[in-house]
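The values are calculated or read from the model by the stated rules, or taken from the named source; none is laboratory data. Everything numeric in this text was worked out from a predicted model, so none of it was measured. Here the Cβ positions follow ideal geometry from the backbone for every residue, glycine too, while neighbour counts run over all protein chains shown.
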Amino acid sequence: MDRRIIVAGGGASGMCAAIYAARNGASVTIIEKNNQLGKKLSMTGNGRCNISNLNMNEKMYNAAAEKRMKQWLSVYGVLDVISFFKSLGIVVKSEDGYLYPLSGQAQSVVQAFENEIKRLGINVIFGEQLKSVEPITGGQERKYRVITNNTFYEADRVIIATGSLSGPKTTMSTGDGYYICKKLGLTIKDTYPALVGFKADPEEIMPEGGVRSLAEISFLLGTEVVAKEYGELQITKDGISGIPVMQASSKVVRLLEEKKPITAVVNFFPDYDEDDYVSLEKEMLRLRDERTLSDFLTGFHNSFITDMIIKKMKMGRSMKMKNISESMVLSILDSYRNYKIKLDSNYGYLQSQVTSGGVSLGDVRDDMTTTSHDGIFVVGELVDVDGRCGGYNLQWAFTSGSIAGTVASI
Ligand SMILES: Cc1cc2nc3c(=O)[nH]c(=O)nc-3n(C[C@H](O)[C@H](O)[C@H](O)COP(=O)(O)OP(=O)(O)OC[C@H]3O[C@@H](n4cnc5c(N)ncnc54)[C@H](O)[C@@H]3O)c2cc1C
């Protein structure tokens, strides 16, 4: 008889696991509590789905996972994802190493997964929520009872792919897998939102709206730089966000939760070295004449950033430049390279892209089985693996899903 595999969760990792298992001849059922497959996948990459990255290595993941990721990526890496996508009929393109479907549409990726699931005859049960998994004792073969909010099923292998706590409500990311795995005796590492922005002191940001600017941002605990990133910073009405902030968030969130004071120091002239900037300042000093402060700074940088700086320095925009001392002018100009924003808290799970923490890697074998039960697998974000922005989290979903689906079926 075909091996009966139940996959709980029809997101990126679950659908991938189901496809690999079914291609190997297993009889596969996906239990999905949402009313559609791949809801979160359809929102990824701003609707374009950044599936992986050619610059792939273990350093792109949380420190606790690095060693294991090296091994897992050697089994199923970026080239395997590209081939897998080809087998689904999805053409992949690179944008500076960031991989996307050529269609530019995440929805087309979900559709291609659904087509393959249909072609392979995978049974999909919608609107049902996994509650627990119990080993059935007594028989010769390992078997499991899979209990949902509605009924129960028997399976030879169970793959838990229920995701994390991150993402909008419609993604159904309520972290069910954590308590389900805890009941199975697995250790759950404390969870935190990651790839997330931060609320900040309203005095230091822009209550009226937002602005985007290339910047280098250093995150400081006292004088210690805990993270430093470069990229497009977004300053919103109540905080800071954007890729460089998200990249640093994994470390910064934990420090803020420990009530450590963190200050973001923004350099709005990231591509200027010291000499370039000093000569720029000298040029600017020549313009100290009858004009107002507002006119003086008009071409210097984005007007919203300038407004923010003038406000923080408590200067009047109509002040005449000839009445502002040279040292004061230099200190205004220096603010563009050292703009300090005191961080308050993170935006929370609903606005985070991933969750750090989860099922401890100490309880997960290389083949994605759990150390407590040989026939139960854990995959995707449920596990204590989180990557940087840039396709690393979907790569992990596909790496873990493909390994579990293959091993579960043989
Ligand atoms: C807005 C946004 C954009 C992102 N963009 C990218 C990107 O471009 N590139 C990238 O690499 N990563 C991106 N990510 C992260 C990436 O989407 C996730 O890491 C990935 O989807 C995790 O896959 P998963 O299968 O573990 O979980 P999910 O994709 O969340 O799937 C879990 C599934 O399990 C179901 N489920 C939950 N509980 C139960 C239960 N009890 N019973 C049955 N079913 C259940 C859920 O409904 C869901 O369908 C983004 C995330 C967000 C929120």
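Quick notes on this one:
- Single residue of ILE235, ILE217 found to be modelled with pLDDT of 95 or more and among the hydrophobic types (A, V, I, L, M, F, W, C): ILE217
- Within the set LEU73, LEU79, the sole residue that is of a type in the set (A, V, I, L, M), in a helix (DSSP H, G or I) and free of Cβ contacts under 8 Å to residues at least 24 places away in the same chain turns out to be LEU79.
- Qualifying positions in region 35-52 - within 19 Å of VAL378 (Cα to Cα), part of a loop (DSSP other than H, G, I, E, B) and within 6 Å of the ligand (Cβ to nearest atom): LYS40
- Every condition in (1) closer than 30 Å to LYS251 by Cα; (2) among the charged types (D, E, K, R); (3) within 15 Å of the ligand (Cβ to nearest atom); (4) assigned to a helix (DSSP H, G or I) holds for GLU114 except the one numbered (1).
- On inspection, VAL278 qualifies as out of contact with any Cys (no Cβ under 6 Å at 6 or more places or on another chain) and surrounded by fewer than 14 Cβ atoms within 10 Å (Cβ to Cβ).
- From the options MET43, MET60, residue that is within 23 Å of LYS251 (Cβ to Cβ) and not small (Gly, Ala, Ser): MET60
- Residue within region 303-311 that is in contact (Cβ under 8 Å) with a residue 24 or more places away in the chain, exposed (fewer than 15 other Cβ atoms within 10 Å of the Cβ) and either in contact with a Lys or Arg (Cβ under 9 Å, 6 or more places away or on another chain) or over 21 Å from ASP276 (Cα atoms) (or both) present: no
- Verdict on ARG68 being modelled with pLDDT of 95 or more, farther than 25 Å from SER94 by Cβ and either in the same structural domain as GLY97 (by TED's automatic domain parsing) or more than 7 Å from the ligand (Cβ to nearest atom) (or both): yes
- The listed residues are LEU165, LEU184, and the only one of them that is surrounded by 15 or more Cβ atoms within 10 Å (Cβ to Cβ), more than 10 Å from the ligand (Cβ to nearest atom) and farther than 28 Å from ARG23 by Cα turns out to be LEU184.
- The residue list VAL354, VAL265, VAL364 contains one member that is more than 20 Å from GLN234 (Cα to Cα) and either assigned by TED's automatic domain parsing to the domain that holds GLY210 or crowded, with 19+ Cβ neighbours inside 10 Å (or both), which is VAL364.
- Single residue of ILE90, ILE19 found to be at pLDDT 95 or above and not in a helix (DSSP H, G or I): ILE90
- The lone exception for PRO193 - which of (1) under 24 Å from PRO168 (Cβ atoms); (2) outside any strand (DSSP E or B); (3) within 16 Å of the ligand (Cβ to nearest atom); (4) not charged (D, E, K, R) it fails: (2)
- Of all residues making up region 112-142, the number that are without any contact (Cβ under 8 Å) to a residue 24 or more places away in the chain and either among the aliphatic types (A, V, I, L, M) or buried (at least 18 other Cβ atoms within 10 Å of the Cβ) (or both): 1
- Tally, over region 376-410, of residues that are within 10 Å of the ligand (Cβ to nearest atom) and β-branched (Val, Ile, Thr): 4
- Per the listing ASN46, ASN50, the residue uniquely within 18 Å of GLY104 (Cα to Cα), within 15 Å of the chain's Cα centre (by Cα) and crowded, with 20+ Cβ neighbours inside 10 Å is ASN50.
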